[in-house]
Structures are given as C-alpha cells and as structure tokens.
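Taking it in order: structure first as structure tokens, then the write-up.
The values are calculated or read from the model by the stated rules, or taken from the named source; none is laboratory data. Given the structure is predicted, the values throughout are model-derived calculations rather than measurements. All Cβ positions, even for glycine, are placed from backbone atoms using ideal geometry, and neighbour counts span all protein chains on display.
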Amino acid sequence: MKKFTLLFLTISLNVFAQSSPVDTLRIMTYNILDFPDAIGTQRVPSFRTVIDEVQPDILVVQEMHTSSGVNEFLDDVLNFTTPNLYSNAPFIDASFDTENALFYKSSSVNFISQDTILTNIRAISEYTLESNTFVPQEFKIYSVHLKSSEGSANEQQRLVEATILRNRTNQLPIGTEFMVVGDFNLYSDQEPAFQKLIGSEANNNGRFRDPINQSGNWHNNSSYSQIHTQSTRTSSVGSGGALGGLDDRFDFILPSYGMNDNFGIDFLPSTHIAFGNDGNHYNQSINSGSNSAVSSVVANALNFASDHLPVVMDFAVYSLADSTNPQINSASALNSNTVRVQFDENISQQTAESVLNYSVNNGLGNPTTAVQFSGNQVDLTFAQNIVSGITYILTVNNIQDTDGNLIDPNSTTTFFLSLTPLAGDLVISEFFKNPSAVSDSDGEFVEIYNPTANTYDLNGLTLRDNGTESHTINSPNPLLIQPNDFFVFGINGDSNTNGGFQVDYVYETFFLSNSTNGDEIVLTDGATIIDEVIFSNALGFPNPTGSSLELSSLNSDNSIGSNWQVSTIPLGNGDFASPGFFFETTPPTIDTVQVLTANLISVEFSEAVNLATSQNPSNYSIDNSIGNPVTANFASGSTHVIELTLPQNLTSATFTLTVNNVQDLSGNVILPNSTAIFSYTAPDPIEIIITEFMRNPSAVSDLAGEFVELYNPTNSPINIDGFILKDNDIETHTIDNGGSLLIPPNDFLVLGINGDTNTNGGINVDYVYQNFFLSNSSNGDEVVIEANGIVLDEVIFSDALGFPNPSGKSLEISSLTADNSIASNWIESTNQLPSGDFATPGFFTTAVPTPPTIDTILALNTNLISVEFSESVDSTTALDQNNYFINNSIGNPSSVSFAIGSSEIVELTLSQPLTNGNFTLTVNNVEDLDGNVILPNSTANFSYTTSVVVNLVITEIMKNPTAVSDSDGEFVEIFNPTTNPINIDGFVLRDNGSESHTIDNGGSLIIQPNSFLVLGINGDSNVNGGIIVDYVYSTFFLSNSANGDEVILEDNGIVIDEVIFSSSLGFPNPTGKSIEVTSLTVDNSLGSNWTEATNQLPNGDFATPGFFGSSAQIDAPSVSIQISGTDLILSWSAVTNATNYDVYELDLLSQVESLLGNSTSLNFTINNFSLNSQKYYFVKSKN
C-alpha cells in the first residue's frame, strides 16, 4: 500500500503557504504590550524574530504609545532585515490611552487614508487601503482595543464600543469590503459586544463574521486551547502584562460578510491561526517544553515579546490581469532634435529604450538615443533637425507594457515643431501703459494670449508701434506659448522693481504712451501682422493711472475700446494688473505631486500661484516625520509648479502633503488643509564592476588604444551619465553624454580614449573620455568609477601587488563573480584583435569559450512558452524573434522578452496557439555574454496538452439535517485525488430527473490536488449548521426517502462521478448525519463503502464537510520543511509498516510531476533550491 500527504510550499510565505485565485495578502494583528515602554527596546529582537517568521503584508498593532515608537518598530523590527520593505500609516495620538498603528508592504498594498473613531476609552482606527494589483481592490481595516476584564460593567463598556463600530460599518456603502482586528478582551461568544458585531440586524451592511465559527465559552476552557491568544507566560519577564498561560481568546480577525464572495478581497478560513499556538499549551507558557507549531527560537520570542499571540489570516485578492496593448497618446517636439513620446500606460524600459523601435518619416529615420523620461514617456533624440511647420509621422513597433502586452504593429502618431503664428493666432489681451507705484520704464508690460490648440515659438517676432519704436524678440532658447495660455512681455524682468509680476521675456526700445492720443501695439513676423491694438481716448479705451487695461472677455474683439476694462487685481505694490492670467474666482488646487529626488519634490497647482504665498515653506507640511520643507521655489520657467527641498531624505513609503494659505494670482486661497498623497520608492543600489582595462597596447599608441570595460551585474539598466572616471591622483573625467549613457542589465560598456576603430586597434568604444590615462610603469595605477562622491568600484594595480603587466594585451577578470581587487583574479587576454593586440572589449573573458545551450522548454499556456538557456544570454540576440522557429506551422514567435528577474530565461509569445502534440524549437544566433554563439540549428523538443484528465470523487452527502432545514443544510463534498488543480466552473450537478444546476462562479472554481470542495445549498454558516461552503448551488435537492436519489457531476455531457443511493442498495439513511465514504480509495458506488458521520457540528448535527471522514482513518506521513542556505530539507513522521518513502515534486508553472528520489530515513534534502518558485512536495510511504 502507498499512502501520502501533500505539502504546498511557497517560499515567500514559508510558514503558512496558501494559494489563491489571483494574489494573497497576509494580515496580522498583534497587541505589542505598551510599546515602546515596558523594556520595549529589549523586546525588539524578539519582535523581529516573530515578524521575520510570519512575513505579513499588513501588520496592525495595539498598545502603541508614541510616534517615536512607530519609527522604532518600523526601523528596528520591520525594516531591519530588509531595508524599506515596510511603510507605516501616520500615527494618530487620539486618546489618553495606548493607540493603534498600521504597517504595510508597499509592494503589496497602497495606503489611501485613515480616520479615527472616538470612544470614551480607546479610539478605534479606520484604515483604507487598496491591493497593489492591476485593478486595485479597496478595503478597510478597523483596529480595536476594547475594555478589559470580566464583569457586567466591563461587558457593557465593550458593548458601547462595539455599537459605535457597528453603527459606523452599517453606514458603509453596499459592496464595501472591511474587517475588524485587534484585542477584543472577550470571554465568550455570548458577550453582548461580540453578538453586536456578528449578529443579524435590520441593517447588515456592517455585519462581521467569525471566520472559524468557534462559538462557546472560550475563557479557561481547554476545548478551545488551539485558538487562545493570552497569556504567553506563566511568570514575569520584566515587561508587565498578563500571566497564567494560554487560556483566553482575546485577539480576533473578523471579516465582513462581503469578504466571502469570490470578488475583491476574500478571507481564507483555513489560514486563520493564533500564531505559535499548537493547542498543547493550555494554561502554560508558549515556550514550555516543545512546541510543534514553531521552533523553540520563535516560541521564546513570542514569550518575551508580548503577553499576546498574534493572529494571522490570509486573504485572496481577485483582480484582473492587464491584457490591453499599450497605445501612443501623443508625440511632441521639445526642440529641433528631441521628441517626447507619451504612451497611455507604463512601458518596459528595455523596449522603450531600443532606438530601432521608432522611425520618423521626412528623412529623420531612427533616433540616435531613446531615454525613458518617466514610466509612460520616452525622449527621442535625432541626428537631423526637425523642421518647423512640417508634420512628421512617428511609427512605433515592439513596445511592451510592464505586463508584456505588445503595441499594435506600425502604430503611428504625428508631431510638429512649434509653428510660426499667423494673423489672428495670438491675441493682445492686457497691457500696462501707466503704472504709478513704479516708473513706466520699470512697470510697462504687454500680455498676449494663445486661443488655439497649437504651440508657437515667439522667437523672431517683432513688438512695435506704428512709429519708430520696435523690438525683435531674440532668445537663445525657444519662447513657447502653449495652447490656451498667456505670455508676458515686460520692460523689466526684475519682480522686485517692476511692480511684483513675472515676466516671460524682457524687451527694449518699445514704450507705451500715456497721452490721451494713445498709441499702438503691433505683433508681427515682419510680413504679417499677427495682432494689433490701436488705443486712445477717442476710440473709447479707458485711460487709468496705476491700473492695466485687460480684455473683459478673451473672446472679445480687442480692437473695440468698450471691450477693455480697468484691472482690479492688486499686484501687491499698490498697482492693479493680472499679467499672465485671466481674472477668476476659483481657488487653486493641487494637481500632482512628483518626487524628483529623495529630498526634492515638485507640487503642481491647477493654475499660476502667488509668489509670496507659494514660496513660503511654512505653508507646506509632509507627514511621516518630514515636516516643513527647507525651501519652496518655483520650478524653472513655471508659475504653477513649486519645488520643495525637504529637511531629510524620503524613505520608501506613502506620504501626505498638506497645503495651506497658497493663493492664485487673483488672490483666491486654496482650501484649508488641502492634501495630496504621493509615494516614493528608494532606488536599488548601483553596482558596477571594472572587468577589463588596456593600459599598454603595442599595435597602436597608448593615447589611441587605452580603454576600460565596465560590467552591470544587476537586472536593471544603469545610467552612468554624470559618473566620474578617475585615479587617486589628479586625473579625472566626468562622463557627459549629452543625455543618458546606459549599461544594460548583465551587459558591458566600453570607455575608451579614442572612438575611431581605424586608429584605436579595432575596438568598439561606447563612450570617449579625456584627461584620464593608464600608467604602464611597474608602480601601477588606479581605475576608479565614482557617482556623487561614492566609489562604486576601484581597481588598484601594480607589479608589487601581483598584477600582470603585459604589453599589447589587456587585463581581464577571470570570472564575473571574482573579487577584482585581488591580482590573482586577473589574467592576460588571449583574444586577438585585428590590429594584433589582444583584448575582449564589450564581452566576457576568453577564459570561458563555451557556447550557450538550451536547458529546458516549458509551455506556459497555449500562446506562451519559456526557454531556459544554460547561462546568461546577450539581450540583443536573445530578444530577436527571428532567432527562434517552431515546427508544425507555428513559425517565428511574434515577440520575445526576458522572464522577470532573469537573464537566462526568455519567454516567446507565439503567433498562433499551440494544439495538442509534440513540437521542436530551433534556435540560432543567440550569444552568451562572452559573444559565444549557440550551435547552429540547436533544437529542443516539448509537448503541449490542452487539458488534463479530470478525476473527481463524490465523498460525502448531507441529505437530511435535523438542526436546520434541508433547504439550508444540504451539501455535497467532492475530492480531487489527482496531482493537478481542477477547475469545475461550468460543470453540472444533477440527478437523473429534472433537477440540475450549472456551476457558475464568475470565474475559476478550483479544487486543489488532494483536496476537498464543498457545494452547499446555503452559504451562510450561521444558518446552514456551521458549514463552510465553497460554492452555493440552486435547483438541486437531495431526497430523504428510502428510495434514495442520485448525485451526478458532469462536464460537457461526460459523467465525471455518480452516486446512486438508496436503502435497497445498502446505503445508510440517517437523520441529522451525513453519509461519507469509509476510504478515499474505495468504490463509492457500493453502499457498503459508505458510513454515517460521527463528527459533531456546533449545531448538533454530524458531518465532516471539507475534510476527511470522521469514521475513516488515513495513515500518512506528516511532512514539515526547513530551509538551510540554498537547501530545502523535508522531514516526516514514520508510517506504520513502511520501509521506505518516495519523494515527489510538482512544479506549478509547468504542471510537471517528478520523482526526486527514495529515502529509507525520515528526511530528504533538495540541494540548490530556487527561492523564486512555487511547488508542491509530497511523500509516499511504501512497504
């Protein structure tokens, strides 16, 4: 006989592995006992041990005292092992008692907001978050710490607090998903506070549920020893708290009823656990003797950290995958050589920065550089000038979004360089001819308005009158006036002396007359008058002193005097004008907040803002201990973007900016406490390795042939523009590429003293440096690469240190992982260049001549396969779809991309779907990082099967409950005995009569391998007898009569399993009890193989829905795991009469099951285990 048990392992969650339909969030609540008081700092290492073991995505704590305590817990507990892993919600000290705090992984969720609900003891915190999925799923967490101690008065106080919370949640909109967590101090399920939270009321919008349905008197009752959370101690450890051992269930996670609908966020009841409680420590310390739930190290940490155990539960996140192809939003010419392309979503950097993915007509061709300016914007630089007035067509191919979706082939958009305005394209909208607070020669200005959808460059235009006064606009940079925007020409650009306004351009030799006879303002390109205003008293124009004239409407005819009005907008110096804006009464708002660097953010307002109020640092405040900025200044060239210099660097977290008192140019004040939320993620550390240098060429001179090779060992491109190449003396060169200079992931870049391959020895140089030379002397030299004063890598070489000193040969590192500071790790190159010298610039050392090979091929789905090579491969050749071909009419793939985080695995998107059968992949021209080419026509075979054999077994039937009605309590249990997950969405549950139900879960309904699934007529465990139902059916009923009935499970007309039961066939016919198979391997069509359940449910009936029968036994090994370095160690319990054990692995990605080996002992070690994997492991006992 072979018997087995199944272990599902996800390394990132190696304590509570749990699969889910889309994603999984682990939520943990923990009363941390008067932190940071009560020797809090001494308890930090213990908290760290607990958190590192659980790895929650969200941690909610109670009994936090201060914001400094929050910072200490964040820095010294949560982010100690992995910096910047967690962020925290703002700490609010809302009561005279301890408070709640929330910490979260920003990679898993986004923090949106929080609110405080006051009670007469401790405040209740409301946190709103959303999942970090393609379609974010929003949910709320309430954290409570109810009144402690027994007695009716304390029970009533807890009821008051629970009522406040229930009233709040009852007001939530229908469909809101929420939960309450924390320290409830409840002694039984009959306490009024608990019933208030879980009970049915007229308004059940805010109703909570106990996810594990453990009703009863929990206090000092060994029947509930598995779920007790207080106390972890029987004797004092110096931090106070309760003693007496584990005998109370005080800590809960209670989800809402909406969190069980296969939509949004759903709780997974089987993952609920009082962490560390093995059920064997009733009235004992958690670390007393052995603990089968956790190691002794963790048990000791739980004992010392707090008098409470944390409660943990996983939640499934249902979301949608991005299947939409990216599209071009726009392209715009920034100048005569640069075009900015904006896509409708974030795109992958690798495809964004490939110049071959872009082409422009009219002779521009491919750009010379492509640099990702932001997630969805790319700047293209062209060698040829963009000509103003010509509409260009940009064609884009091969761009992928961050989910791998490919842009439609030959996607196009148009762009043009800013046009020269024609007559009527620009409007003179305001002029100041007679200021009084300053002299005319300081305060005069002319404002123009662009009512069109075009952008115009004002360079070359002339501002004049009809006499002799004239000024031709001449600026070294484009003077752009954007659509629906203003531009101010002023006689004085100094706001300190011109009356206090911003001037976009300063003119000369043009003046406005104050006389009643008036004057003229003409804007012309020399041949065409673009706009003209002739003003005088006789023509009906106002003639004020100390006020500008402005159009009463931007649509008015500005040649008519009655369409002009006297400005009433104060400038601040006593005069009145509105240069650069049109008078209105709407207050400014915050449009966007952008992080520019770790200590610099920009705030963009909805309109131009007042100089004094917007540049006052005290008008801005940032939470998470940042405070007020040091400075607040306008961004260059902007009147509505403010840059804030922060007093300290941002950490990886979500922040809230609060703004007050900022005014627009009309004096409208921003609403009090206006806020905007922004996030910052600290960049990955830069790692660059010096891997080769040529200091003494012989075929060419040193000044022609010296070079330094750099290697990027990371999985992200590194921009070295602005970095410094130097020695430790006076030679230094700052890299200035006029833009980005990228080293691709796992690739090389060559810095050379000469970029001409005809004279430098035939070397392809990526960047030419100056003022840096390599010494040939035996005393050696230094090669240092530095960024922002930080040395990224340094090689100090000399004969005395043991470095080779050849002539005509470069020195190269013997291995990309070797320590390049050690001379013995350097070798002389043996690869001969055309010039006769020896070097390998731009590829790996000649010491590794082995070409790459194909290791494995996996069909991920009908249109996607992964190809794993034997080593890292070159991105250019590996991502060329022409280098791959699949037989059976599949052909070349439509696109190729690296698997996330890998330089060895590529994923091929196929041009048409696979069918059932065997295929051969042929690969050519793919190179490794050394330039070694895969052998011609290298092949590998793979197979694809559209489906797996479905084998399901009906294992339990409840046809006649007594504690509840049949229409509430009937259910059918199904078992999956295979090693493959099976999706039963679309299957039919029926009898042989007219009753039938087609399963429609709105998506997949998966029965995991060696697991059960319960189909029930009622999903409410409060009324169905306490049963957790995985799917609710209708229009199918089970007969109670002795004549029996049928339960048939069918797929596409094929009967998967069938049980025909009746008394005459020998089937039991109990009342108040389910019938269940006696063994999972028996023939379930025979009545003698069925028995009555003996496991009593909380309501009095008997059944075992969702687990194996109470009357039957399965003798199987109990498997546990341990990780040691890169080794995974499986251990299991002995099985009676077993002599040896087979160990199997099921790869979830490929669905391939493998026999790893056989063991005669009770353990098995898997070497070099991949931490980025999801696998099943199971052990079969043999005799």
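Annotations for the structure displayed:
- Counting the residues of region 245-261 that are acidic (Asp, Glu) and in a loop (DSSP other than H, G, I, E, B) gives 2.
- Criterion (closer than 25 Å to VAL360 by Cα and buried (at least 20 other Cβ atoms within 10 Å of the Cβ)) met by exactly one of ILE407, ILE481: ILE407
- For region 377-404, the set of residues classified as farther than 14 Å from VAL339 by Cα, touching an Asp or Glu at 6+ places or on another chain (Cβ under 8 Å) and crowded, with 19+ Cβ neighbours inside 10 Å consists of ASP401 only.
- Residues of region 437-466 classified as touching an Asp or Glu at 6+ places or on another chain (Cβ under 8 Å), free of Cβ contacts under 8 Å to residues at least 40 places away in the same chain and assigned to a loop (DSSP other than H, G, I, E, B), total: 2
- Out of GLU520, GLU532, one residue alone is more than 21 Å from THR452 (Cα to Cα), in contact with a strand residue (DSSP E or B) (Cβ under 8 Å, 6 or more places away or on another chain) and charged (D, E, K, R). It is GLU520.
- Test: residue in region 546-554 that is of a type outside the set (D, E, K, R), at positive phi and outside any strand (DSSP E or B): yes
- Being within 24 Å of ILE982 (Cβ to Cβ), of a type in the set (Val, Ile, Thr) and over 48 Å from the mean Cα position of the chain (by Cα) holds for only one residue in ILE1060, ILE1017, ILE1048, and it is ILE1060.
- Any hit, region 98-118, residues being over 30 Å from THR49 (Cβ atoms), among the acidic types (Asp, Glu) and either more than 19 Å from the chain's Cα centre (by Cα) or in the same structural domain as GLY258 (by TED's automatic domain parsing) (or both): yes
- Residue tally, condition in a strand (DSSP E or B), touching a residue at least 40 places away in the same chain (Cβ under 8 Å) and not aromatic (Phe, Trp, Tyr), over region 890-926: 8
- Residues located in region 1003-1021, provided they are over 25 Å from SER1079 (Cβ atoms) and surrounded by fewer than 17 Cβ atoms within 10 Å (Cβ to Cβ): GLY1003, SER1004, ASP1020
- Any hit, region 989-1001, residues being of a type in the set (Val, Ile, Thr), within 23 Å of VAL1077 (Cβ to Cβ) and not in a strand (DSSP E or B): yes
- Counting only residues that are on the phi < 0 side of the Ramachandran plot and loosely packed, with under 14 Cβ neighbours inside 10 Å, region 357-367 holds 0 of them.
- Verdict on SER740 being touching a Ser or Thr at 6+ places or on another chain (Cβ under 8 Å) and either over 30 Å from ALA383 (Cβ atoms) or among the aromatic types (Phe, Trp, Tyr) (or both): no
- Any hit, region 104-117, residues being aliphatic (A, V, I, L, M) and within 27 Å of ASN203 (Cβ to Cβ): yes
Results for (1) closer than 30 Å to LEU833 by Cβ; (2) touching a residue at least 60 places away in the same chain (Cβ under 8 Å); (3) among the small types (Gly, Ala, Ser); (4) surrounded by 19 or more Cβ atoms within 10 Å (Cβ to Cβ), shown as yes or no for each residue.
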{"residue": "THR658", "(1), (2), (3), (4)": "no, no, no, no"}
{"residue": "ASP664", "(1), (2), (3), (4)": "no, yes, no, yes"}
{"residue": "ASN668", "(1), (2), (3), (4)": "no, yes, no, no"}
{"residue": "SER674", "(1), (2), (3), (4)": "no, yes, yes, no"}
{"residue": "PHE693", "(1), (2), (3), (4)": "yes, yes, no, yes"}
{"residue": "PHE707", "(1), (2), (3), (4)": "yes, yes, no, yes"}
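- Pick from region 621-639, criterion surrounded by 17 or more Cβ atoms within 10 Å (Cβ to Cβ) and in contact (Cβ under 8 Å) with a residue 40 or more places away in the chain, ranking: nearest to ILE590 (Cα to Cα): THR639
- Here SER332 passes the criteria (1) outside any strand (DSSP E or B); (2) among the polar types (S, T, N, Q); (3) surrounded by 15 or more Cβ atoms within 10 Å (Cβ to Cβ) except the one numbered (1).
- Some residue of region 98-105 being among the acidic types (Asp, Glu) and in contact with a His (Cβ under 8 Å, 6 or more places away or on another chain): yes
- Members of region 52-89 found to be within 26 Å of ALA316 (Cα to Cα) and either in a loop (DSSP other than H, G, I, E, B) or not assigned by TED's automatic domain parsing to the domain that holds SER113 (or both), listed by number: GLN55, PRO56, ASP57, ASN79, THR82, ASN84, LEU85, ALA89
- Looking across region 912-940, the residues that are among the polar types (S, T, N, Q) and either closer than 30 Å to GLY1106 by Cα or modelled with pLDDT under 90 (or both) come down to GLN912, THR915, ASN916, ASN918, ASN932.
- Note on region 467-506: among residues that are in a loop (DSSP other than H, G, I, E, B) and hydroxyl-bearing (Ser, Thr, Tyr), the one that is nearest to PHE581 (Cα to Cα) is SER495.
- If you check VAL1023, VAL1032, VAL1047 for being closer than 14 Å to GLU956 by Cα and touching a residue at least 12 places away in the same chain (Cβ under 8 Å), only one passes: VAL1047.
- Exactly one residue among SER578, SER618, SER602, SER562 is in a strand (DSSP E or B) and small (Gly, Ala, Ser), and that residue is SER602.
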